[in-house]
Each structure stands twice: as C-alpha cells, then as structure tokens.
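Peer 1: Just dropping this structure here.
We did not get these values from a lab; they are worked out from the coordinates using the rules stated. Values in this document were obtained by computation on a predicted structure and should not be read as measured data. Using ideal geometry, Cβ is built from the backbone for each residue, glycine included, and neighbour counts are taken over all protein chains shown.
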Amino acid sequence: MQSEIEQRASMSQHEVDELKEKLVDMEHQLSAVQRERDEAKEEKDAAIEHSRSFEGRELALQSRICMLEGMRRGLHNRVMQLSGNIRVFVRVRPRIQCEIEQLSSSSTSSELVTTSSSSSSSSSSKGNKKDHRRISRALVPMNTGE
C-alpha cells in the first residue's frame, strides 16, 4: 500500500511538473501574443494619427484652393473689365491733329503701308518688305462707330 501511494504520489508529481511546464509555455505564448497585440495597437494608433494629419492637410489645401479660385475669378473679371475699358477707349478716343489732317487729305479709301523685316524661310528676299493694304472706310470724329 505504501508503494502504491508513493507510486501515485510520484505520478501526481510528474503530472504537476508537466502541467507546470505547460503553464510556463502558455505564459510565454500569452506574453508573445500580448506583445504582438500591443505592437498592433501602436501601429493602429500611429495610422489613425497619420490619417488625422492627412485630413487636416486636406482641409487646409481645400480652403487654399477655394481662396485661390476666388482670386483667379477676381483677376479674370478684372482682365475682362480692362479689356472692355480698352475697347471703349479706342472707340471713343478723339483724333489727334495729325490723324485729322491725314484723313482730310485722303479720300474715303485709304492705303495702309506697313514695313516689317520678314525672316520666314519661304521668302527669298531679305530686308524690309512693304505691305500695302487698302482700308475701305475710316471712321472720322463725326461717326459714332455704331
């Protein structure tokens, strides 16, 4: 009976030792899984923070786009206004004395002579070239331009 009890005790001790080894292995596995979980959580938090910084940058860029688009529209409107002002100025500008004399000395048809130095490869002549064009009608100060 004593040997049977000792045998059971030794078997129980052996089971306890095996269970302790399993417990140690399980604790190591648990700590490894916890480290992986903590690393994954840190990566997730870093990704969330990175995403938030991108969202903030995106909002800043969108507001800058809106501001620049408004500036572009304003500049476009200013260019159109200046273009119209130039058109009106050219149309209503009074003639200067030399223009009046030139128009009064010529008939209703005038000739416009321009000189330009042509550097195109198709023309064989070099130097100044006169371009004669006929103007069918000249507006005089009495004309309203309409």
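Peer 1: Compactness ratio of region 2-93: Cα Rg over 2.2 N^0.38 Å, N = residue count?
Peer 2: Dividing the Cα radius of gyration by 2.2 N^0.38 Å gives 3.19.
Peer 1: Just to be sure I understand the model, the point goes 7 Å from the Cα along the line to the Cβ. What's the resulting E21 to C66 distance in nm?
Peer 2: 7.0 nm
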